[in-house]
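What follows draws every value from the coordinates through simple rules; no lab data is involved. In this text, all values refer to a predicted model and were calculated from it rather than measured experimentally. With ideal geometry, Cβ positions are generated from the backbone for all residues, glycine too; neighbour counts draw on all protein chains shown.
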Amino acid sequence: MKKPVFLAAAVLLLAACETAPVRREDYIAQHPEWKPQMVELIRAGMIAKGMTKEQVRAAWGRHCYTCQGTTKGDWGESREFRTQVVFFDPDGRVTRWEPK
């Protein structure tokens, strides 16, 4: 197999591993301490007040690293996702979210 074709196949394979259902189940499997209600929210792709940054990542995926809506301050942090901006307190827990 030629090198460029092999690299393209490897990239596609790795990208396929980050599908939402796979990502969610991987995070859930790594955290048996998460409460059943939290697990159900994550499986449904939903977030709730009090979730950690890792739980939001499990439910929604990676936040946008280059978006202008991602900021930090003494009040906490905001992270911009595809359609929403999520606000975290200084302890890293969701306080609210709003559309972009």
query: How far apart, in nm, are the 7 Å Cα→Cβ label points at R62 and R93?
result: 2.9 nm
task: Compute log10 of I(q)/I(0) for segment 43-82 with the Debye formula, placing one identical point scatterer on every Cα and leaving out solvent, at q = 0.20 Å⁻¹, to two decimals.
output: -0.64
query: Tell me, what HN-Hα J-couplings in whole Hz come from the Karplus equation 6.51 cos²θ - 1.76 cosθ + 1.60 at θ = phi - 60° for each residue of segment 72-88, using x for Gly and Pro?
result: 10, x, 4, 6, x, 8, 10, 10, 8, 10, 3, 10, 9, 10, 10, 10, 10
field: log₁₀ of I(q)/I(0) at q = 0.12 Å⁻¹ - segment 19-100, Debye sum with one point per alpha carbon
entry: -0.32
